[in-house]
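Scroll down for the structure; my scribbles are underneath it.
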Amino acid sequence: MSILRVPDITAHARRDDSPEESRRELLRRTFEDDAELYDRARPGYPPELYDDLAEVTGVRPGCRVLEIGCGTGQATVPLAGLGCRVTAVEAGQRMSAIARRNLAGAPAAEVVTAEFESWPLPAEPFDVVLAATAFHWIDPTVRVHRAADALRPGGALAVVRSQHVMGGTEEFFVEVQRCYERFDPATPPGIRPPAAGEVDHSDHAEEVAGSGRFSGTVFRRHAWELTYTTAEYLDLLRTYSGHRALPEAARSGLLACVSALIDGRYGGRVTKRCLLELGVSYRR
């Protein structure tokens, strides 16, 4: 684990043009197609992430947390287990329904079905606003300012991002690109996962600083490996928006190709290494 500190700088948030915005909305809606699969296949987050949240944001029993894009509760359930009073906003009706089911034993947590961009903020501000691998789905022209509006002065915006990096079953991720190049013509040829040390997420710090609403951003990183059977890995791929957006024939061909490779060359099991990054910024 390493800590990076990014100074407070001035920058302007990127604005989406209409095609990009439409593409983002199209991909975001794919999660609703099979919310039960998403709940079953998507991993949660390692304990170290919640240790970092407690240390860097001051998350503790009784604190008010607003979670943006909670999915089916992968981060919400552990937060509620820490004793936080959680309000989770999720745009998908099926996703939010499963999140409520998963939080049935947590009376201090509520799930609101709404788009964060237009959801009326409550009068009482929050101590922490958290987006766990969801901030990129929110309109970039408003997300930082809306988060600042939801926070008390000194409150923390915590954004978790995940990046597939070099490691795990490395040769598989080299070989599998042939499947993607065959069935998804948008795949850049020869693409490879970067080394963890090469991942640069300074764009988030620049976006937050450019709002003028926050001080500098603190980053904490953890490398995390997860091992999947063939069936588990295919289920995971079926939850990815880019895979779900492929035409049915291309998606089926891609999954069959991946399955044959794992079973035929890797004994029915592969390990994927991810870099989890927590970026925390404090409202002025």
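The values are calculated or read from the model by the stated rules, or taken from the named source; none is laboratory data. Please read these numbers as outputs of a predicted model, since none were measured by experiment. Every residue, glycine as well, gets a Cβ built from its backbone with ideal geometry; the counts of neighbours run over all protein chains shown.
Observations
- Selection over the range 179-206 of residues that are surrounded by 13 or more Cβ atoms within 10 Å (Cβ to Cβ) and in contact (Cβ under 8 Å) with a residue 24 or more places away in the chain gives a count of 14.
- Search result, residues across the range 28-76 that are over 11 Å from A132 (Cα atoms), in a loop (DSSP other than H, G, I, E, B) and among the polar types (S, T, N, Q): T72
- Residue satisfying all of: in the range 28-45; under 14 Å from the mean Cα position of the chain (by Cα) and surrounded by fewer than 16 Cβ atoms within 10 Å (Cβ to Cβ); farthest from G81 (Cα to Cα) among these: P43
- Qualifying residue in the range 51-62 (condition: in contact with a strand residue (DSSP E or B) (Cβ under 7 Å, 6 or more places away or on another chain), under 22 Å from R146 (Cβ atoms) and among the acidic types (D, E)): no
- Qualifying residue in the range 254-277 (condition: crowded, with 18+ Cβ neighbours inside 10 Å, within 17 Å of the chain's Cα centre (by Cα) and either among the polar types (S, T, N, Q) or farther than 30 Å from T141 by Cα (or both)): yes
- Residue in the range 58-72 that is among the polar types (S, T, N, Q) and surrounded by fewer than 23 Cβ atoms within 10 Å (Cβ to Cβ) present: no
- Number of the condition not met by A186 [criteria: (1) modelled with pLDDT of 95 or more; (2) within 29 Å of R94 (Cβ to Cβ); (3) not β-branched (V, I, T)]: (1)
- Selection within the range 212-246 - free of Cβ contacts under 8 Å to residues at least 60 places away in the same chain and under 13 Å from Y180 (Cα atoms): L237, H243
- Pick from the range 89-122, criterion aliphatic (A, V, I, L, M) and within 18 Å of T133 (Cβ to Cβ), ranking: surrounded by the fewest Cβ atoms within 10 Å (Cβ to Cβ): I98
- Qualifying residue in the range 6-13 (condition: at pLDDT below 95, in contact with a Pro (Cβ under 9 Å, 6 or more places away or on another chain) and either under 27 Å from R221 (Cβ atoms) or surrounded by 16 or more Cβ atoms within 10 Å (Cβ to Cβ) (or both)): yes
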